[in-house]
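Everything on this sheet refers to the single structure shown next.
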Amino acid sequence: MTGKTIRFIILSVLCVLQAGTVCAQSVIFPQEKQPGRADVTSSASGTTLTLSNDLLSASYTNESGKVLFGGCSQLGFAAGTELFTIVFQDSTAVPASSFKVSDWRMTSFEGNKEATLALRNPSESTQKFDITLREALDIPAYIKGSVTLSDAFSQSALPGLVTGGAIDIDAPLSLELPPLSVFVYDGVCK
């Protein structure tokens, strides 16, 4: 199973909801062409949910309190495929299909748009280096945008780093860390 497949299945499992038609948050894949918005629909009886986007469609059924996977033809998963099994330290295996469900409901997860940038120079000499916020914060290549930094606490200005304004995550930064220094910034991603 690929990482994309696992992420889709996890999103599918997490988007359990009530009867009616509901739209889930956008699914982001690590590729340029995105599959679009994931929509969740419920059958008239409210016992079957289908999660789909422009690429994939997967369904789930609440049958007497058990969630059964209804399949995903695009990935070659047949109805009844066991999505996951939890294996405990004593080797006891509990398949997902054995979980008891008391209620379907929609859960929405918002991405965390905050970041912390900490820079430390333990050396007794000034350290100069070039870096982007993408590299410093380990931001995946498919994410675009900017980060606005602010001082996490009272500290002197760091040469080469601007606070209070949006910084493109791919803009090169030439930083100069004074000897034996620590700088910490709060960031908000846009």
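Every read-out reported here was derived from the displayed coordinates using simple, explicitly stated rules and does not represent laboratory data. Predicted model, so just to flag it, every value in this text is computed and none were measured. Positions of Cβ are backbone-derived with ideal geometry, glycine not excepted, and every protein chain shown enters the neighbour counts.
Using the Cα gyration tensor of segment 74-190, with a ≥ b ≥ c the square roots of its eigenvalues, what is the shape: rounded (a/c below 1.5), prolate (a/b larger than b/c) or oblate (neither)?
prolate
Among TYR185, TYR60, TYR142, what is the fewest-to-most ranking by other Cβ atoms within 10 Å?
On the way: TYR185 20, TYR60 23, TYR142 11.
Ranking TYR185, TYR60, TYR142 by Cβ neighbours within 10 Å, fewest first, gives TYR142, TYR185, TYR60.
What FRET efficiency comes out for the pair VAL94/GLU114, r = Cβ-Cβ distance, R0 = 45 Å, nearest 0.05?
So the FRET efficiency works out to roughly 0.80.
Stretched out fully, how many nm does the piece from GLN74 to SER146 gain, at 0.36 nm a residue minus the Cα gap?
Details: separation 72, 0.36 × 72 = 25.92 nm, distance 3.49 nm.
Between GLN74 and SER146, full extension yields an extra 22.4 nm.
Arrange the peptides 158-169, 85-96 so that the one whose residues have, on average, the most other Cβ atoms within 10 Å appears first.
Put in order of decreasing packing, that is 158-169, 85-96.
Taking a ≥ b ≥ c as the square roots of the Cα gyration tensor eigenvalues, with a/c under 1.5 meaning rounded and otherwise prolate when a/b beats b/c, else oblate, which class fits segment 148-190?
Numbers: a/c = 2.44, a/b = 1.34, b/c = 1.83.
Oblate, because a/c is 1.5 or more while a/b does not exceed b/c.
List CYS189, CYS72 from most exposed to least, where exposure is judged by having the fewest other Cβ atoms within 10 Å.
Starting with the residue having the fewest Cβ neighbours, the order is CYS189, CYS72.
Please tell me the relative contact order of segment 112-190 in percent, rounded to the nearest whole number, where contacts are Cα pairs under 8 Å and at least six residues apart.
52
Once the Cβ-Cβ distance between VAL162 and ARG37 is put in as r, and R0 is 30 Å, what FRET efficiency do you end up with, to the nearest 0.05?
In this case the efficiency is close to 0.30.
What residues qualify as long-range amide H neighbours of PHE77, i.e. H under 5 Å apart, gap of 5 or more or another chain, H built at 1.01 Å from N?
So PHE77 has HN proximity to CYS72.
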